Amino acid sequence: MKITPQKNRQCVQIAFILEPILDKNGCSTRFHDLPGKPISDFLISAINIGQIIEGYADTVINKKSRQLFSHFHNAIQISNEYKSKKYMNVGLLEAMFVSIKTRLDSNSLEEALNNYKNTQKNTNNQDIVDYIKAFKLAWSTARNGYKRDIIETMEKEVSKYSNFYDWYELKLMMSKDPSTSTFQWIRESREGYPLIKRFVEEIDESNGLIKSIENSYNKIHAENPLLKVGILADLSAAALFLYLSYQDPETYMVK
């Protein structure tokens, strides 16, 4: 099932907006704002990134680009317009670019769910460079400050790797504590984002898309309370995008 850059943008923005309003334990939602993370910031960010997302999809669909993170830096940068200047949705944007590329390279939802590893392997050294550039920007407003030592290590090692998937092994070696968000995120990525697959497979249209994602989020959170809620929220948004992108927009109603 083909998708245009415009429909891709629409599905991404819907997913970005639905995710923060869902009733999810430990996150900002339509019922509760976490300190420093008001829901308005998430919604504004969702609107801001639309142009960049459409531009990225256009380069893949119409210009046959194979790059994964060519628009990552610009998406992070533009996400901050009209909101607080702390960069947010960085993990979500990473998962979303991988999901968009996976979607555009897959003919069916089932194929896409099993294609996440291939998307990351079918990259090149430039994707690693683009990724590091994006995180330099993202970490410039991080709570713990600029992580210069990590950036320097990544830049020093970047030439040794020919694709993003293999390079991510370096980041995993730099963070061996399974309780950290870095370790959890990289493990999820290298395993092909199994939680995105679970979110999608647990969608029950009799309950509606929104309630299904809420139920899955809270179930996974209860099963594994050590899993960072931010990661779980980001992956739920990627699942929302992927599922929506395979629905007929003329007949499908989000409920």
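The values are calculated or read from the model by the stated rules, or taken from the named source; none is laboratory data. As the structure is a computational prediction, the values presented were derived from the model and not from experiment. Here the Cβ positions follow ideal geometry from the backbone for every residue, glycine too, while neighbour counts run over all protein chains shown. Accessible surface is based on the protein model in full, side chains and every heavy atom, while ligands, DNA and RNA are left aside. Shrake-Rupley method; radii C 1.70, N 1.55, O 1.52, S 1.80 Å.
So the values come out like this:
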quantity	calculated
Set S79, S106, S45: member being of a type outside the set (D, E), touching a Lys or Arg at 6+ places or on another chain (Cβ under 8 Å) and open to solvent by less than 20 Å² (accessible area, probe 1.4 Å)	S45
Residue among T182, T119 that alone is at pLDDT below 95, closer than 25 Å to L232 by Cβ and surrounded by 13 or more Cβ atoms within 10 Å (Cβ to Cβ)	T182
Where a residue in region 187-199 is farther than 19 Å from L22 by Cβ and its partner, wherever it lies, is open to solvent by 30 Å² or more (accessible area, probe 1.4 Å) and in a loop (DSSP other than H, G, I, E, B), with Cβ under 9 Å and at least six apart	R187/P178; G192/N114
Within region 1-38, considering residues that are aliphatic (A, V, I, L, M) and within 20 Å of the chain's Cα centre (by Cα), the one farthest from T141 (Cα to Cα)	I3
Residue in region 129-140 that is over 20 Å from I49 (Cα atoms) and more than 19 Å from the chain's Cα centre (by Cα) present	no
Residue in region 156-176 that is loosely packed, with under 15 Cβ neighbours inside 10 Å, without any contact (Cβ under 8 Å) to a residue 24 or more places away in the chain and outside any helix (DSSP H, G or I) present	yes
All positions within region 216-255 that are part of a helix (DSSP H, G or I), surrounded by 15 or more Cβ atoms within 10 Å (Cβ to Cβ) and out of contact with any helix residue (DSSP H, G or I) (no Cβ under 7 Å at 6 or more places or on another chain)	N218
Pair list, Cβ under 6 Å, 6 or more apart: region 50-63 residue small (G, A, S), other residue open to solvent by 50 Å² or more (accessible area, probe 1.4 Å) and in a helix (DSSP H, G or I)	G50/R9
Any pair with Cβ under 9 angstrom, 6 or more apart, that starts in region 216-235 at a residue that is over 12 Å from K24 (Cα atoms) and without any contact (Cβ under 8 Å) to a residue 40 or more places away in the chain and ends at one that is part of a helix (DSSP H, G or I) and not small (G, A, S)	N224/L232
Qualifying residue in region 9-32 (condition: in contact (Cβ under 8 Å) with a residue 12 or more places away in the chain, part of a loop (DSSP other than H, G, I, E, B) and over 22 Å from L235 (Cβ atoms))	no
Pairs where the first residue, in region 94-108, is touching a residue at least 60 places away in the same chain (Cβ under 8 Å) and the second is in a loop (DSSP other than H, G, I, E, B) and among the β-branched types (V, I, T), C-beta under 9 Å, 6+ apart	M96/I49; R103/I3; L104/I3
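Let's see how each residue does on (1) in a helix (DSSP H, G or I); (2) at pLDDT 95 or above:
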position: L68; (1), (2): no, yes
position: I76; (1), (2): yes, yes
position: Y87; (1), (2): no, no
position: E94; (1), (2): yes, yes
position: K101; (1), (2): yes, yes
position: T123; (1), (2): no, yes
